[in-house]
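See structure below.
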Amino acid sequence: MYDTPLPDVPPGYRCGFIAIVGRPNVGKSTLMNHLIGQKISITSKKAQTTRHKVTGIYTDDTAQLVFVDTPGFQTDHRNALNDRLNQNVTEAMSGVDVVAFVIEAMRFTEADRTVLKQLPRHTPVLLVVNKIDKDKAKDRLALEHFIAGVRAEFDFAGVEVVSAKHGLRIANLLSALKPFLREGIPLYPEDMVTDKSSRFLAMEIVREKLFRYLGEELPYAMNVEVEQFKEEDGLYHIYIAVLVDKENQKPIVIGKGGEKLKKISTEARLDMEKLFETKVFLRVWVKVKSGWADDVRFLNELGL
Ligand SMILES: Nc1nc2c(ncn2[C@@H]2O[C@H](COP(=O)(O)OP(=O)(O)OP(=O)(O)O)[C@@H](O)[C@H]2O)c(=O)[nH]1
Ligand SMILES: [Mg+2]
């Protein structure tokens with residue numbers, strides 16, 4: 001955390017942790033990126049995009065809010081990966097000052113209800129209704145009715161409506177969260193936006209592109225490993241392996257004449273250069289490693 005003298009802060013300064021939880025695809029990562037004003041957590045149309053907890057730090061003159069973006073809570077097929085993801089969500093909720101429970105406006109499903117049942121009893125939970133830009137949420141009365149229905153199922157400490165994608169009412173959400181934090185000095189330097197390493201962020205960016213450019217099923221059967229990450233002559237040299245489950249999945253990732261992999265690595269490189277504010281040399285290739293989603297030891301190696 002600090003290697004310099006502790007900062008002077010005005011009286012009443014607050015600092016604390018917020019876990020962002022919810023079923024897959026409700027917009028948790030999009031919301032966190034907007035809260036901190038930088039894209040550090042990957043997002044996609046597909047469910048189960050976030051696989052690791054990602055910390056995002058927001059600092060202003062009155063408070064420091066440390067957000068923990070979690071994987072969408074899994075309710076269907078059980079395997080070692082899903083069990084581990086859920087374990088991580090439960091762990092992320094313990095020890096925080098407040099939980100932001102994110103749902104989609106006008107859509108409360110059994111999967112949302114399952115997450116609701118996992119929410120802690122002794123930590124305040126703020127209900128965050130996202131995607132209010134959608135047409136079906138434009139009828140105000142219907143939206144109020146919807147919210148009243150969800151509130152009847154749990155004793156929420158408050159409710160905020162937002163559109164993460166369009167950056168609507170994000171400041172309201174920040175203000176609503178601050179009173180739940182403890183008074184105290186910031187834990188992280190004010191210019192720090194995440195506690196994740198550049199190595200981790202590079203890996204996540206490649207994963208986002210795989211989600212974006214591959215079919216429905218494939219991204220779930222793969223993982224990404226950073227084999228080398230070094231800084232040399234003002235350039236980042238990054239070597240990343242994409243791990244697939246079966247030999248026949250390899251050509252799908254590579255594409256005709258290597259086109260798909262080229263597109264994935266070019267886009268990933270551009271995102272990395274923006275985030276790291278430096279030139280990047282990136283090499284991405286594909287390797288086969290079967291059954292990884294069910295191999296607990298392998299998940300441990302990956303730090304999941
Ligand atoms: N219309 C609309 N779409 C949104 C909004 N917020 C997020 N989305 C979209 O919802 C999809 C899922 O967003 P993510 O942020 O990846 O969702 P997530 O909850 O982190 O998903 P997992 O990590 O898989 O649990 C993406 O296509 C987003 O662009 C919003 O406010 N309005
Ligand atoms: Mg996510």
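What follows is calculated from the coordinates using simple rules that are stated; it is not laboratory data. What you are looking at is a predicted structure, and each value in this text was computed from that prediction instead of being measured. So basically every Cβ, Gly included, is an ideal-geometry build from the backbone, and we count neighbours across all protein chains shown.
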Report task. Please build a GNM for the chain, connecting alpha carbons under 10 Å apart, and tell me which residue among Gln48, Gln64, Gln228 fluctuates the most. Result -> Gln228
**Report entry** Stokes-Einstein D for the range 14-183, Kirkwood Rh over Cα pairs, 37 °C, 0.692 mPa s (µm²/s)
**Finding:** 206 µm²/s
Query raised in the report: Sorted from largest down, what three extents in whole angstroms do the Cα atoms of the chain have along their principal axes?
Result: 54, 49, 37
**Report entry** the range 2-152: relative contact order as a whole-number percent, Cα under 8 Å and 6+ apart
**Finding:** 24 percent
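Summing -39500 (n - 2.57) over the DSSP H runs of n ≥ 4 in the chain and dividing by its residue number, what mean residue ellipticity at 222 nm do you reach, to the nearest 500 deg cm²/dmol?
-9500 deg cm²/dmol
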**Report entry** Candidate lysines for bridging to Lys246, where Cα separation is under 23 Å - those fewer than 8 sequence places away on the same chain excluded
**Finding:** Lys46, Lys209, Lys256, Lys260, Lys262, Lys263, Lys287, Lys289
Query raised in the report: Taking Cα pairs under 8 Å and at least six residues apart, what relative contact order does the chain come out at, in percent?
Result: 19 percent
Query raised in the report: Assuming R0 = 35 Å, what is the FRET efficiency of Lys230 and Leu168, from their Cβ-Cβ distance, to the nearest 0.05?
Result: 0.25
Query raised in the report: In percent, what relative contact order does the range 123-255 have, based on Cα pairs under 8 Å that are 6 or more apart in sequence?
Result: 16 percent
Requested in this report: Could you tell me whether the range 198-302 comes out rounded, prolate or oblate from its Cα gyration tensor? Rule is a ≥ b ≥ c as square roots of the eigenvalues, rounded for a/c under 1.5, then prolate if a/b exceeds b/c, otherwise oblate.
Outcome: oblate
Requested in this report: Nearest 5 is fine: what % of DSSP beta bridges in the range 14-183 come out antiparallel, could you say?
Outcome: 30 percent
Report summary line: Of all trypsin sites (Lys or Arg not before Pro) in the range 41-83, the ones in DSSP coil with at most 16 other Cβ atoms within 10 Å are Lys45, Lys46, Arg78
